[in-house]
Amino acid sequence: MSDPITLNVGGKLYTTSLATLTSFPDSMLGAMFSGKMPTKRDSQGNCFIDRDGKVFRYILNFLRTSHLDLPEDFQEMGLLRREADFYQVQPLIEALQEKEVELSKAEKNAMLNITLNQRVQTVHFTVREAPQIYSLSSSSMEVFNANIFSTSCLFLKLLGSKLFYCSNGNLSSITSHLQDPNHLTLDWVANVEGLPEEEYTKQNLKRLWVVPTNKQINSFQVFVEEVLKIALSDGFCIDSSHPHALDFMNNKIIRLIRYR
């Protein structure tokens, strides 16, 4: 048996054998560890590869077993596909393609349910009228909440790529708030008249934007219109049996279905 080899992949250490690393001779790893390509070393003498260390475990396991084993809630298929392409492990690339086809078929039929809530809240803030002179002001603020559930994880990722929070003066994708692959909760506020920009940050008030149109969502009507555009483009249609027409027109409940 060959001596163990320790790899430093993006800061994560993995220990394996030369036989495993060269199990696919035509891959980049096969070329690196057969002496056809130079290898870099870190300060500890470990072979260093400047790539994502987290998903390398799945690549290494494939080298060991020739089987693609992923957890059911795996959320980084795109990253793993890019890493497999970098290492040029052709059987792994083919296995990932088959897995994505399988996931796509499983998600052809899907349901999307959105429950909307809205309330008015008073916000208090200070206004600088002159140097060393401040006054206390207040204004009514629209606060929105949307609870979104979909049996299609891929659709929620698509939605997350279109909607962005504006917080601390920066836009951030709501994908980072997607802790449950099937459920997403959004909370945001409309623009408040007279409220200084820095007060949004101080009071942790998030606004919601849709891209690439760069439109701010200041009402449920705009939110519903934008979500419907995204859902309809992904094959969803309005469920004729639910909700009640009045609920839909009052922006309380939206339910869409997709059959393919």
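Name the single residue that is least open to solvent (accessible area, probe 1.4 Å) among those in segment 65-98 being within 22 Å of Ala19 (Cα to Cα) and either at pLDDT below 90 or part of a loop (DSSP other than H, G, I, E, B) (or both).
Val89
Tell me, please, whether a residue that is more than 30 Å from Glu102 (Cβ to Cβ) and either open to solvent by 40 Å² or more (accessible area, probe 1.4 Å) or at pLDDT 80 or above (or both) can be found in segment 149-158.
No.
Identify, by number, the condition in (1) under 26 Å from Thr151 (Cα atoms); (2) in contact (Cβ under 8 Å) with a residue 40 or more places away in the chain that Ile5 doesn't meet.
All conditions pass for Ile5, except number (1).
Restricting the first residue to segment 74-102 and requiring it to be assigned by the TED database to the domain that holds Ala31, which pairs with a second residue that is basic (Lys, Arg) and open to solvent by 80 Å² or more (accessible area, probe 1.4 Å) meet a Cβ separation below 6 Å and a spacing of at least six or different chains?
Final answer for the pair search is Leu96/Arg81.
Are there any strands (runs of 3 or more DSSP E) wholly within segment 161-212 with 3 or more residues that are in contact with a Leu (Cβ under 7 Å, 6 or more places away or on another chain) and at pLDDT 80 or above, and if so which?
The qualifying strands (runs of 3 or more DSSP E) are 163-167, 183-189, 207-210.
Need the failing condition index for Phe62 against (1) open to solvent by less than 30 Å² (accessible area, probe 1.4 Å); (2) assigned to a loop (DSSP other than H, G, I, E, B); (3) in contact with a Pro (Cβ under 8 Å, 6 or more places away or on another chain), just the number.
Every listed condition holds for Phe62 apart from (2).
Report, by residue number, each residue of segment 43-59 that is surrounded by fewer than 17 Cβ atoms within 10 Å (Cβ to Cβ) and over 32 Å from the mean Cα position of the chain (by Cα).
Correct list: Ser43, Gln44, Gly45.
May I ask you to verify whether His183 is without any contact (Cβ under 8 Å) to a residue 24 or more places away in the chain and open to solvent by 50 Å² or more (accessible area, probe 1.4 Å)?
Considered against the rule, which asks whether it is without any contact (Cβ under 8 Å) to a residue 24 or more places away in the chain and open to solvent by 50 Å² or more (accessible area, probe 1.4 Å), His183 comes out as no.
Going by the conditions given, is Ala146 modelled with pLDDT of 90 or more and assigned to a helix (DSSP H, G or I)?
Against the criterion (modelled with pLDDT of 90 or more and assigned to a helix (DSSP H, G or I)), Ala146 does not qualify.
Using the structure shown, decide if Glu142 is surrounded by fewer than 13 Cβ atoms within 10 Å (Cβ to Cβ) and acidic (Asp, Glu).
Judged against the criteria, Glu142 is not a match.
The values are calculated or read from the model by the stated rules, or taken from the named source; none is laboratory data. Because the structure is predicted, anything quoted here is derived from the model rather than measured. All Cβ positions, even for glycine, are placed from backbone atoms using ideal geometry, and neighbour counts span all protein chains on display. Remember, those area values only see protein heavy atoms, side chains included, never the ligands or the DNA or RNA. Shrake-Rupley method; radii C 1.70, N 1.55, O 1.52, S 1.80 Å.
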